[in-house]
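Peer 1: Pasting a structure here, questions to come.
The values are calculated or read from the model by the stated rules, or taken from the named source; none is laboratory data. Bear in mind that the values here come from a model prediction, so they are computed numbers and not experimental data. Cβ: placed from backbone, ideal geometry, glycine included. Neighbour counts: every protein chain shown. Protein only, heavy atoms only, side chains kept; ligands, DNA and RNA dropped before computing areas. Shrake-Rupley method; radii C 1.70, N 1.55, O 1.52, S 1.80 Å.
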Amino acid sequence: MDTYLQEKVPIVFVPGLFGSMSNQIIPGTGNWNFGFARIAYEPFIRILEQMGYRRGEQLFIAFYDWRQPIAYCAEQYLIPTIEWAKQITGSSRVNLICHSMGGLVSRAYVQGDNYKWDVDQLLMMATPNAGSPVSYCYWAGGKLPRTVSPKKNVVELYMNVYLAYLERRLPRDKVEAVQKHFPSLLDLVPGEAYGDYLLEKRNGIEAFVPYSSMVVQNQFLDHLNSRMEVIWERNIEVTLIAGIGQQTIQYLQTVPSVSPKRWVDGRPISAVNSNVGDGNVMATSVLAMIGEKYVVQATHLDILYKSEAIIRYKLQA
């Protein structure tokens, strides 16, 4: 190993939702790998390798069970990967490069009580720091209605494949199955920082449902965002990269639910869209914390390679 590479702060890459797969999640899928999302993540890993980071030497991947609560993923998967990276390289610190949900897993660690003062930079691409309305649909109703999002994207296809698998394996009420076996979805719904996002139509009048009155609240994100200052107290440099130019759900238009268990805060019938997002996450959600902020024309997945110049600059690679 040459001296130049030894001096590099090692990278731990934390993929997003559906970016980790193993027998632990779906039997027969083998040891930890990128699973459904390899088509997006393997080219990104090659970009990092072209910057001089060799996988297993200066570049490590924090695979995790994305079905589980995000704080659990940080404790059980990210922390051991950081320890492994430090042990292999002899470095006392790492840089965390994260995509989507991976950024929240990383925040759960660096803002948590078990932080070991071992992160230099936190670079987050397309991370829903204030949450995403689409997740309300899956958590509260077990699906994304076609009237809400008639145009499918890759992330939604991944979601549908997994939910179909879950439904076949656990033939029960779909919402009950999702909430029991996919609890991380609650950590991805909009939090208080997002603002009111359900537009309810009642008696011909449309008005926002106040977040404070909702049953479905994101206590995980609300806690993280209420103590954001700890990141800077811990001397961690934060970079936020958001994608724009893609039609993205900003608000959900709803009607009152008739079920006590399904769509408890309102049944989505349509959406108000904005192209100030990447197709999955609004830019305002990604940028809902203090840090060095960048905006690129990109979808939720191609933001990975469209962020190359920014990452090179931040890593001085």
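Peer 1: Can you go through Asn114, Asn129 and tell me which one is of a type in the set (S, T, N, Q), open to solvent by 10 Å² or more (accessible area, probe 1.4 Å) and modelled with pLDDT of 95 or more?
Peer 2: Asn114
Peer 1: Might you let me know whether segment 90-103 holds any residue that is touching a helix residue (DSSP H, G or I) at 6+ places or on another chain (Cβ under 8 Å) and assigned to a helix (DSSP H, G or I)?
Peer 2: Yes, that holds for at least one residue.
Peer 1: Can I ask one more? Suppose the filter is assigned to a loop (DSSP other than H, G, I, E, B), within 30 Å of Asn95 (Cα to Cα) and in contact (Cβ under 8 Å) with a residue 12 or more places away in the chain; does Ala130 pass it?
Peer 2: On the way: assigned to a loop (DSSP other than H, G, I, E, B): yes; within 30 Å of Asn95 (Cα to Cα): yes; in contact (Cβ under 8 Å) with a residue 12 or more places away in the chain: yes.
Taking the combined requirement at face value, the residue satisfies it.
Peer 1: Residues that are buried (at least 19 other Cβ atoms within 10 Å of the Cβ): list the helices (runs of 4 or more DSSP H) wholly contained in segment 158-255 that include at least 3 such residues. It would help to see each step written out before you state the result.
Peer 2: On the way: elements: 174-181, 219-226, 230-233.
Of the helices (runs of 4 or more DSSP H) lying wholly inside segment 158-255, those with at least 3 residues that are buried (at least 19 other Cβ atoms within 10 Å of the Cβ) span 219-226.
Peer 1: Okay, moving on. Of the residues Ala85, Ala74, only one is farther than 24 Å from Val286 by Cβ, crowded, with 23+ Cβ neighbours inside 10 Å and at pLDDT 95 or above; which? Working first, answer last.
Peer 2: On the way: Ala74 fails: farther than 24 Å from Val286 by Cβ.
One residue alone meets the criteria, Ala85.
Peer 1: What about Glu292, is it surrounded by fewer than 17 Cβ atoms within 10 Å (Cβ to Cβ), in contact with a strand residue (DSSP E or B) (Cβ under 9 Å, 6 or more places away or on another chain) and within 30 Å of Asn114 (Cα to Cα)? Full working, then the answer.
Peer 2: On the way: surrounded by fewer than 17 Cβ atoms within 10 Å (Cβ to Cβ): yes; in contact with a strand residue (DSSP E or B) (Cβ under 9 Å, 6 or more places away or on another chain): yes; within 30 Å of Asn114 (Cα to Cα): yes.
When the stated conditions are applied, Glu292 passes them.
Peer 1: Here's a follow-up. Just need a number here: residues in segment 88-107 that are buried (at least 23 other Cβ atoms within 10 Å of the Cβ) and either at positive phi or of a type in the set (Gly, Ala, Ser) (or both).
Peer 2: Summing the residues that are buried (at least 23 other Cβ atoms within 10 Å of the Cβ) and either at positive phi or of a type in the set (Gly, Ala, Ser) (or both) in segment 88-107 gives 4.
Peer 1: Of the numbered conditions (1) without any contact (Cβ under 8 Å) to a residue 60 or more places away in the chain; (2) farther than 20 Å from Asn225 by Cα; (3) out of contact with any Phe, Trp or Tyr (no Cβ under 9 Å at 6 or more places or on another chain); (4) surrounded by 15 or more Cβ atoms within 10 Å (Cβ to Cβ), Ala283 satisfies every one except a single condition; which is it?
Peer 2: Evaluating Ala283 over (1) without any contact (Cβ under 8 Å) to a residue 60 or more places away in the chain; (2) farther than 20 Å from Asn225 by Cα; (3) out of contact with any Phe, Trp or Tyr (no Cβ under 9 Å at 6 or more places or on another chain); (4) surrounded by 15 or more Cβ atoms within 10 Å (Cβ to Cβ) leaves (2) as the failure.
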